[in-house]
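To keep things clear, I will list the structure first and then write my remarks on it.
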Amino acid sequence: MSEIRSVGVCGAGLMGNGIAQTCASAGLDVVLVELEQAPLDRGMSAIAKSLDKFVEKGKLSQTERAATAARIKASTDVADVKACDLVIEAIVENVEVKTALFRRLDEVLAPHAIICTNTSSLCVIELAAKTKRPDKVAGLHFFNPVPIMKLVEVVKTIATSQETVDALFAFSKKLGKEPILARDTPGFVVNRLLVPYLLYAIRLLEEGLASKEDIDNGMKLGCGYPMGPFELLDFVGLDTTYYIAEIMFDEFKDPMMAAPPLLKRMVLAGRLGRKSGKGFYDYA
């Protein structure tokens, strides 16, 4: 595999537009794809606002900002990624929808191209097995906000070649990220540790051990965490945490990974955190 020079990003949501911006900022040509024009426009608008913030903070010049934005081509046609060396999927966490996309990407991409998923919880080999290039499929899990967070989890399936892993490590470093290698199991490294911690914090609240404010302050002031577990739950999204917990519990049957009743009920009530205006805290 030669050097990755052009990148396709499927999905212009929070993670997708962040990945597209980060790749363009590193000098790579990017094709950002969405099925519909409206979410594509929202994604491009989010990138523009993010780049403006970097300019305001003096981390980017107006010239660099313009050059970065010019490297991103927006499209509603998946076939427009056909010349890309790497395509990163960042769409809805649904196996059937992702599988359909992977099959389509396998058809349109050149034989050398790598296909990656940004999934935080799903089985990567299940997607890879639906292509004719399972050796060139891996997980490439970025963290939110993508332009700022330094970590990338490179997820190697039982079929991923070492050449693909090496290419993705080099690519991640070109983006200014620090890659770590993980096996293809639910949660990978970070969420495998993080999700049980967040779920246990909810259990402590359920048991009446302490208030959410005191639990958060305990972890921030006692362990040096930038956010307490309930602040982090609201930031990540309670529905997202619940979804990942369900997948991890289904795989491992570990009680530590089972979603507490309170989390389920808050999701059912629509209290999803910052994005809904209310979670463990009120953001109205």
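In table form, for the structure just shown:
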| quantity | calculated |
| --- | --- |
| Unsatisfied cross-links (Cα-Cα over 28 Å) in the set 253/278; 98/136; 53/264 | 253/278; 53/264 |
| GluC sites (Glu not before Pro) restricted to the range 6-57 and DSSP loop, no more than 12 other C-beta within 10 Å | 36 |
| Computed magnitude of the charge dipole of the chain (debye, nearest 20; Cβ of K, R +1, Cβ of D, E -1) | 420 |
| Ellipsoid semi-axes in whole angstrom, largest first, where each is sqrt(5λ) of the Cα gyration tensor of the chain | 32, 23, 17 |
| Qualifying aspartates and glutamates (Cα of each under 20 Å from Cα of residue 177; at least 8 residues distant if same chain) | 3, 29, 64, 85, 89, 153, 163, 166 |
| GNM top mover of 168, 181, 122 - the chain, alpha-carbon springs below 10 Å | 181 |
| Cross-link partners of residue 150 among aspartates and glutamates (Cα-Cα below 14 Å; sequence separation of 8 or more within a chain) | 178 |
| Estimated 222 nm signal from helices in the chain, with DSSP H stretches of n ≥ 4 weighted -39500 (n - 2.57), rounded to 500 | -14500 deg cm²/dmol |
| Only Lys, Arg (+1) and Asp, Glu (-1) charged, at Cβ; the range 61-217 dipole about Cα centre in debye | 540 |
| Volume per residue of the C-alpha convex hull in the range 214-284, rounded to whole Å³ | 98 |
| Residues with amide H under 5 Å from that of residue 151, placed H, sequence gap 5 or more | 178 |
| For residue 35, distant residues with modelled amide H under 5 Å away | none |
| Options 69, 4, 221, ranked by Cα towards positive dipole end of the chain, top entry (Cβ charges) | 69 |
| Lys, Arg +1 and Asp, Glu -1 on Cβ, resulting dipole of the range 191-275 about Cα centre, debye, nearest 20 | 160 |
| Degrees separating the helix 238-252 axis from the principal Cα axis of the chain, which is the longest one | 90 |
| Between 0 and 90°, nearest 10: helix 190-207 axis offset from the chain longest Cα axis | 20 |
| Positive-pole candidate from 92, 170, 204, dipole of the chain, charges at beta carbon | 170 |
| Selected from 250, 135, 214 as most flexible by GNM, with the chain as the system and alpha-carbon contacts under 10 Å | 214 |
| Lysines with Cα under 16 Å of residue 49, excluding same-chain neighbours fewer than 8 positions away | 57, 59 |
| Residue with peak Gaussian network fluctuation, the chain [Cα springs, cutoff 10 Å], from 26, 66, 38 | 38 |
| Ranked 150, 156, criterion: other C-beta atoms within 10 Å, fewest first | 150, 156 |
| Antiparallel DSSP beta bridges within the chain, percent to nearest 5 | 20 |
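Values quoted throughout were computed directly from the atomic coordinates according to the rules given, and no laboratory measurement underlies them. Please read these numbers as outputs of a predicted model, since none were measured by experiment. We place every Cβ from the backbone using ideal geometry, glycine too, and count neighbours over all the protein chains shown.
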